[in-house]
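Participant: This is the structure I want to talk about, given as structure tokens.
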Amino acid sequence: MDILISGAGVAGLSAAVNLGARRHRVTIVERSSHFRVNGSPIDVRGDAVAITEKMGLRDKIRDQRLRMTESGAFVDADGTVLATLPVAEISDSDDDIEIAREDLAAVLADALPADANVRFRESVAALTDDGMGVDVGFVSGRTERFDLVIGADGLHSAVRRLAFGPERDFVKHLGVYAAIADLPAEAGAGGLNPTYNFPGHMASIMRYRDRALAVFLFRSDPLDYDYHDLDAQKKILADAFAGHDEWRIPELIAAANADAELYFDSASQIHLPGWHRGRVVLVGDAAHAASGLSGRGTSLALLGTCFLAEELEEDDLVAAFERYEARQRTYVRVAQASVVGGANLVVPVTWEDIAARNARFQAAAQ
């Protein structure tokens, strides 16, 4: 089949690798000018590790393994370490692989089929599904016809909006916003990766290899802003941490303001009754975002795209889509249910909650 994949993140690249291995012809369009790699390191967990072996990529992914989370620590306003992070509490198994997002993207991109057509600065603007194929209009003005369209374009999926309806009908805000900025001044520095909390807020430094990131989380009701407006996002972040000069918050906010590719978004989930409509099907966050609080989004993307490719080996598209969804739903339910514990771990609501978490981690370390 001729298959269009919208989005060149982990889900889109993984879908292309799996489908290309089964001799489908894949075209990938990506709104950005490059593969989407901004964000903090990610985890390949549980059964997703076995999927990477099936794809022939497990050893390459393991070769890029990080130990960043193992250096995590919680500090007070003066930078004094209060507790270290017990990795066993947030891992699924000893086989979990922590990897930089850019490294995983590079592994997947290198595994793309030779005839894969990748187009940057392009995205889907219109879909017309006549039951025999899908006519796709692109923002560039060109039109093409495909046998199948896969939406792998994330939380704010254009394919989902065009085929299923507006995002507001399916999104569940989890009461948290996240921001990630490049922190070049800390690149290459060793030591612990510190996290500072005050009620409902988290600021952290994450160092790995020759990179460092400033990472922020804060609790908030849904905010009305244009998620393409970088200046608006920077102002929201600065306002959320305004009046806090303790620890290294001013320095980290300054880094966020200087970053031309600041990542900023809500911690939200997508809940859909089904992930396919006609010859359009969704994968990854576009279908079932669990949010970064789950730590399982990458694993879901790897699992789901492999399941979809396997099921598409049959001729009946509807049956293939239904089998894909049935296999994936169990993993999605677990991932989406895990976020409450994740939020309470990294963004406690009160000073009492912060102290209780630190005390629990101190006890675990003894």
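Participant: Return one number: the angle in degrees, 0 to 90 and rounded to the nearest 10, between the long axis of the Cα atoms of helix 230-240 and the longest principal axis of the Cα atoms of the chain.
Facilitator: In the chain, helix 230-240 runs at an angle near 30 degrees to the longest axis.
Participant: Through the Karplus equation 6.51 cos²θ - 1.76 cosθ + 1.60, θ set to phi - 60°, convert the phi angles of the stretch 134-150 into ³J(HN,Hα) values in whole Hz; use x for Gly and Pro.
Facilitator: 10, 8, 10, x, 10, 5, 6, x, 6, 10, 8, 10, 10, 6, 8, 10, 10
Participant: Could I ask something else about it? Starting at the first residue of the stretch 343-356, write each ³J(HN,Hα) from the Karplus equation 6.51 cos²θ - 1.76 cosθ + 1.60 with θ = phi - 60°, in whole Hz, x for Gly and Pro.
Facilitator: 5, 5, 6, 9, 9, x, 7, 10, 4, 4, 5, 4, 5, 5
Participant: In nm, what is the difference between 0.36 nm times the number of residues separating residue 114 and residue 25 and their Cα-Cα distance? If you can, show how the numbers build up before the last one.
Facilitator: On the way: separation 89, 0.36 × 89 = 32.04 nm, distance 1.01 nm.
Computed gain between residue 114 and residue 25 is 31.0 nm.
Participant: Can you run phi through the Karplus equation (6.51, -1.76, 1.60; θ = phi - 60°) for the stretch 270-278 and list ³J(HN,Hα) in whole Hz, with x for Gly and Pro?
Facilitator: 10, 10, 10, x, x, 10, 9, 8, x
Participant: While we're looking at this one, here's another question. Under 5 Å between amide H atoms, partner at least 5 residues away or on a different chain: which partners does residue 35 have, H built in plane at 1.01 Å?
Facilitator: Residues meeting the amide H criterion: none.
Participant: Just how large is the dipole of the stretch 227-366 about the Cα centre, in debye to the nearest 20, putting +1 at every Lys and Arg Cβ and -1 at every Asp and Glu Cβ? Working shown, then result.
Facilitator: Numbers: 12 positive and 20 negative charges, 92 e Å.
Roughly 440 debye, rounded to the nearest 20.
Participant: Quick check: net charge around residue 133, other residues with Cβ under 9 Å of its Cβ, Lys/Arg +1 and Asp/Glu -1?
Facilitator: Taking every other residue near residue 133 into account, the sum is -3.
Participant: Treat each spin label as a single point 7 Å out from the Cα along the C-beta direction, and report the residue 327 to residue 365 distance in nm.
Facilitator: 4.3 nm
Participant: Then there's this: How big is the charge dipole of the stretch 118-260 about its Cα centre, in debye rounded to the nearest 20, if each Lys and Arg gets +1 on its Cβ and each Asp and Glu gets -1 on its Cβ? Kindly include the intermediate steps, with their values, before the conclusion.
Facilitator: Details: 15 positive and 22 negative charges, 64 e Å.
Approximately 300 debye in magnitude.
Participant: Identify, among 225, 48, 344, the residue whose Cα sits farthest towards the positive end of the charge dipole of the chain, taking +1 on the Cβ of Lys and Arg and -1 on the Cβ of Asp and Glu, with the dipole about the Cα centre.
Facilitator: 48
Participant: Next up: Go ahead and run the numbers for FRET between residue 125 and residue 224, Cβ-Cβ distance against an R0 of 25 Å, rounding to 0.05.
Facilitator: Details: r = 24 Å, r/R0 = 0.97.
Efficiency, rounded to the nearest 0.05: 0.55.
Participant: Sticking with this one: What FRET efficiency comes out for the pair residue 232/residue 168, r = Cβ-Cβ distance, R0 = 25 Å, nearest 0.05? Let's see the in-between values first.
Facilitator: Working: r = 19 Å, r/R0 = 0.75.
Using R0 = 25 Å, I get an efficiency of 0.85.
Participant: Can you order the peptides 52-59, 194-201 by their average number of other Cβ atoms within 10 Å per residue, highest first? Mind dumping the intermediate values first?
Facilitator: Values: 52-59: 15.9, 194-201: 19.5.
Highest to lowest by the protection proxy: 194-201, 52-59.
Participant: Taking only Cα atoms, what is the 0 to 90° angle, nearest 10, from helix 317-337's long axis to the longest principal axis of the chain?
Facilitator: Long axis of 317-337 versus the principal axis of the chain: about 10 degrees.
Participant: Continuing with this model, one more query. Taking the Cβ-Cβ separation of residue 353 and residue 210 as r and a Förster radius of 25 Å, what is the calculated FRET efficiency to the nearest 0.05?
Facilitator: Working: r = 35 Å, r/R0 = 1.40.
It comes to 0.10.
Participant: With +1 assigned to the C-beta of every Lys and Arg and -1 to the C-beta of every Asp and Glu, and no other charges, what is the dipole magnitude of the chain about the Cα centre in debye, to the nearest 20?
Facilitator: Values: 37 positive and 55 negative charges, 51 e Å.
Charge dipole, the chain, about its Cα centre: 240 debye, nearest 20.
Participant: Could you work out the local net charge near residue 226, counting Lys and Arg as +1, Asp and Glu as -1, over the other residues with Cβ closer than 14 Å to its Cβ?
Facilitator: That works out to -3.
Participant: Here is a further query. Using amide H atoms built 1.01 Å from N in the peptide plane, name the residues 5+ places from residue 83, or on other chains, whose amide H lies under 5 Å from its own.
Facilitator: Here 74 satisfy the definition.
Participant: Taking amide H positions as placed 1.01 Å from N in the peptide plane, with prolines and chain starts having none, which residues 5 or more places from residue 127, or on another chain, fall under 5 Å of its amide H?
Facilitator: Amide H neighbours of residue 127: 137.
Participant: Among DSSP beta bridges whose residues both lie in the chain, state the antiparallel percentage, nearest 5. Mind dumping the intermediate values first?
Facilitator: Values: 45 of 65 bridges.
The answer is about 70 percent antiparallel.
Every number here is computed from the coordinates shown, using simple stated rules; none is lab data. Since the structure is predicted, the reported quantities are computational estimates derived from the model, not experimental observations. In this analysis, Cβ positions are derived from the backbone assuming ideal geometry, glycine residues included, and neighbour counts consider all displayed protein chains.
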